[in-house]
1. Set the Förster radius R0 to 41 Å, insert the Cβ-Cβ distance between A244 and D81 as r into 1/(1 + (r/R0)^6), and round the FRET efficiency to 0.05.
2. Of the candidates E255, E166, E270, which one comes out as most mobile in a Gaussian network treatment of the chain with C-alpha springs shorter than 10 Å?
3. Would you calculate the convex hull of the Cα atoms in segment 104-244 and tell me its volume per residue in Å³?
4. Cross-link partners among lysines for K184, C-alpha distance below 17 Å, same-chain residues fewer than 8 apart left out?
5. Which helices, taking whole DSSP H runs in the chain, have alpha carbons extending 30 angstrom or more along the helix axis plus mean Kyte-Doolittle at least 1.0?
6. Which trypsin sites (Lys or Arg not before Pro) does segment 1-86 hold that lie in a coil by DSSP with at most 15 other beta carbons within 10 Å?
7. Along the principal axes of its C-alpha atoms, what lengths does the chain span, in descending order and rounded to whole Å?
8. Above 14 Å lies some portion of the pair distances; for segment 47-98, what is it as a whole percent of all C-alpha pairs?
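Read-outs throughout are calculated quantities, based only on the coordinates presented, and are distinct from any laboratory measurement. Remember, it's a predicted structure, so these values are computed and weren't measured experimentally. Glycine gets a Cβ as well: all are built from the backbone with ideal geometry, and neighbour counts include every protein chain shown.
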Amino acid sequence: MPVAIDDTQKALQNCITKTNLTRWPDPYRGKVREVYTLNKNTLGLVVTDRISAFDHIMKQAIPYKGQILNQLAAFSFGKVDDIVNTHIIDMPHPNVTIAKKCEPVPIEVVIRACLTGHAWRVYKSGKRELCGVTLPDGMRENERFPEPILTPATKAKEGHDEDISEKEILERDIVAENTWQEIKVKAFKIFNRGQQVANQQGLILVDTKYEFGLYDGKVTLIDEVHTADSSRYFYADEYDERLANNEPQKQLSKEFLREWLMDHNFQGLEGQTLPDLPDEFRLKVYRRYAELFEQLTGNLFEPVPTPDFDNTLADIFQRYS
Ligand SMILES: Nc1ncnc2c1ncn2[C@@H]1O[C@H](COP(=O)(O)OP(=O)(O)OP(=O)(O)O)[C@@H](O)[C@H]1O
Ligand SMILES: [Mg+2]
């Protein structure tokens, strides 16, 4: 069980939703992270408590989500750094990663072990091909593929990311062929390791998204890895029975939020209004994220309050710039 938050009202009010530093006025603000360039080789990545789904940032943040995510990423980067160079330099604070500033490869490298989420929606519509990969007939939702499959997407500057086949990635010269081959081989190895780590803890790594970059010309794993935002996990012990009975799997990821939003008539489509997340639900999401952290790492998640966060951040960045 996650450590109870001492003062839930305070935690709900004091989420890290945005950072403002006078010396570094203009970070890149992603949906979840704020990316500060500290010098030509170094980034300061601040993982905020913002949460997004269907490409929209929710109006309310989740207490301590940033700390959970950042520390889950650090844990998982540590599990794969014998396979691939990673961008990690240091984690000087639970919300902050100091990383190598890479030239991003503009592809989301998605690997799937099961027919879930987007892949299932495509399959259900009758298609038997996804990103150039042929899918076997007669599969049910959440069933394992014979082997994990690679279903990349373009990293769109605006709007939705789009599925793309390997063939098209090369034809459109988005990535050099030798770089792509290296990324592909590494991605499967990283996924395999992620599955081993999950299995040891009673979980199934269902699917995930990797981002790679080049640092000094070397293929490097960037962004985040095997976190609740970038991956789906199921509980292993209930998997077979639920699959056999056509029951939904217990989700330990953002899918939980997506389901809640769909129940509240929101799927990110035009004309739909983003619902407010009630406090009770925000705490529930916190507990889900903490549960995944604890299940996967075997460690207790201990929330660290962050009063005066901007000043703490400025001190940290000063040291690394
Ligand atoms: N080591 C790194 N070098 C360069 N860029 C990085 C590195 N690590 C992460 N990034 C980039 O930093 C951003 C992280 O922010 P976040 O994940 O919140 O953004 P996002 O909403 O997914 O935005 P985007 O649409 O740009 O991916 C991403 O654009 C990611 O590609
Ligand atoms: Mg991202």
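1. My answer for the efficiency is 0.60.
2. E270
3. Spread over its residues, the Cα hull of segment 104-244 gives 118 Å³ apiece.
4. Correct list for K184: K155, K167, K209, K218.
5. Working: long enough: 177-200 (35 Å, -0.96).
Taking the DSSP H segments of the chain (at least 30 Å long, mean hydropathy at least 1.0), we get none.
6. Working: sites: K10, K18, R23, R29, K31, R33, K40, R50, K59, K65, K79; in loops: K18, R23, K31, K40, R50, K59.
Of the trypsin sites (Lys or Arg not before Pro), the ones in loops of segment 1-86 whose Cβ has at most 15 other Cβ atoms within 10 Å are K18, R23, K31, K40, K59.
7. 56, 46, 44
8. Working: 769 of 1326 pairs.
That fraction is 58 percent.
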